[in-house]
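For reference, the structure discussed in these notes is given below.
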2 protein chains.
Amino acid sequence: MKLSTKGRYAVMAMVDLARHSNGNPVSLAEIAERQEISLSYLEQLFARLRRGGLVKSVRGPGGGYLLAHDRDTTRISDIILAVDEPIRAIRCTPGMSVGCRGDRSRCLTHDLWEELANQIHLYLSSVSLGDVCEKRVLGTSGIVQREAYRAMEAVVLR
Amino acid sequence: MKLSTKGRYAVMAMVDLARHSNGNPVSLAEIAERQEISLSYLEQLFARLRRGGLVKSVRGPGGGYLLAHDRDTTRISDIILAVDEPIRAIRCTPGMSVGCRGDRSRCLTHDLWEELANQIHLYLSSVSLGDVCEKRVLGTSGIVQREAYRAMEAVVLR
DNA sequence: TTTATATCCGATTGATTTACTCAGGTATGA
DNA sequence: TCATACCTGAGTAAATCAATCGGATATAAA
């Protein structure tokens, strides 16, 4: 899982869309102005989001974009995976580049990066668009999340 | 916390150092050959690792690098922070760029990225150089880690 | 004292990625 | 028909990455 400002822009735009759409399509021009992202760049991002099945488009005047699914079932991880397409976890397995040449000396750090990617994906798939909209990200609610957080804390404070 | 192949190289090199140093200094030339990283690039990385207090250098013939601390107290997170210096979490707070201009409309995604950075740092600081060397990364041991993992899993499968 | 070893240091470079622009094309409601 | 807004692809400045080059400095061994 790759983490860049690209994914960050996409999430910001999707949150904006979720908040300002009351069943009506929201135009990219609106989002661009509110979030201070260039229109053309948003168009690129939404092209990927559409192909990823996360939004639906309505063409013509009064058109724009709609969430394809409910805001509470749209995961942050899906948004990032949609815009950062090349899902190659940590460029290790495919081209066997950067050491880690499959043979006997399988690189020792392989498991580490794989597990880190796991952790990141786990967290981001535990948060929905609705969670972010309602500021439910490690807020006062979210019991299970805080449980997990406490367990992680136990690890570092061992 | 920034994640790049730069940090990845640094961790690979540090693991190599930890494994092949029996109290003796290990030269970068050795590490470069084993890990297939260019010598000059390693020099750049180890300059930062030295400034970060993670390794000690011994100059002259027979010289090389030594771990500054025990392999079990050297955290992966410290290695990555040392080479990726600009610790700016997610370029939000300092230049108030990319939306999130401090005023009333504090960007909604701010908490999300902050918490994600938290999660990543939490995980990487729970793993030591020794853990990676002994393949204790989510292996068959590491009870607390697996507990945390299961808790996270409960979140995504809610 | 010379010499080979190896850390140090800075400047530069090709390749890649990012964030963005430009120039159009296409569907559709008014 | 016309303005709106989605759609597409090509191109671009800036930044970063991974690496190279040329040297300086310290030091153990000859």
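The values are calculated or read from the model by the stated rules, or taken from the named source; none is laboratory data. Owing to the predicted nature of the structure, the values given are computational and were not obtained by experimental measurement. Counting neighbours? That spans all protein chains shown, and the Cβs are built from the backbone with ideal geometry, glycine included. Please note that ligands, DNA and RNA were not included when accessible areas were found on the heavy atoms of the full protein model with its side chains. Shrake-Rupley method; radii C 1.70, N 1.55, O 1.52, S 1.80 Å.
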Seminar exercise, completed: All conditions in (1) within 17 Å of the chain's Cα centre (by Cα); (2) open to solvent by 10 Å² or more (accessible area, probe 1.4 Å); (3) within 12 Å of DNA strand D (Cβ to nearest atom) are true of residue A:24 except (1)
Exercise. Of A:71, A:106, which residue is within 14 Å of chain B (Cβ to nearest Cβ), more than 16 Å from DNA strand C (Cβ to nearest atom) and at pLDDT 85 or above?
Worked result: A:71
Problem set entry | Single residue of the stretch B:44-68 satisfying the filter (in a loop (DSSP other than H, G, I, E, B) and more than 14 Å from DNA strand D (Cβ to nearest atom)) that is nearest to the other protein chains (Cβ to nearest Cβ) | B:54
Problem set entry | Leading residue by the ranking (nearest to the other protein chains (Cβ to nearest Cβ)) among those in the stretch A:24-43 that are at pLDDT below 90 and part of a loop (DSSP other than H, G, I, E, B) | A:36
Exercise. Using beta carbons and a limit of 8 Å, which pairs, at least six apart or on different chains, have the first residue in the stretch B:21-44 and more than 24 Å from residue B:130 (Cβ to Cβ) and the second one more than 10 Å from DNA strand D (Cβ to nearest atom) and hydrophobic (A, V, I, L, M, F, W, C)?
Worked result: B:39/B:28; B:39/B:29; B:43/B:28
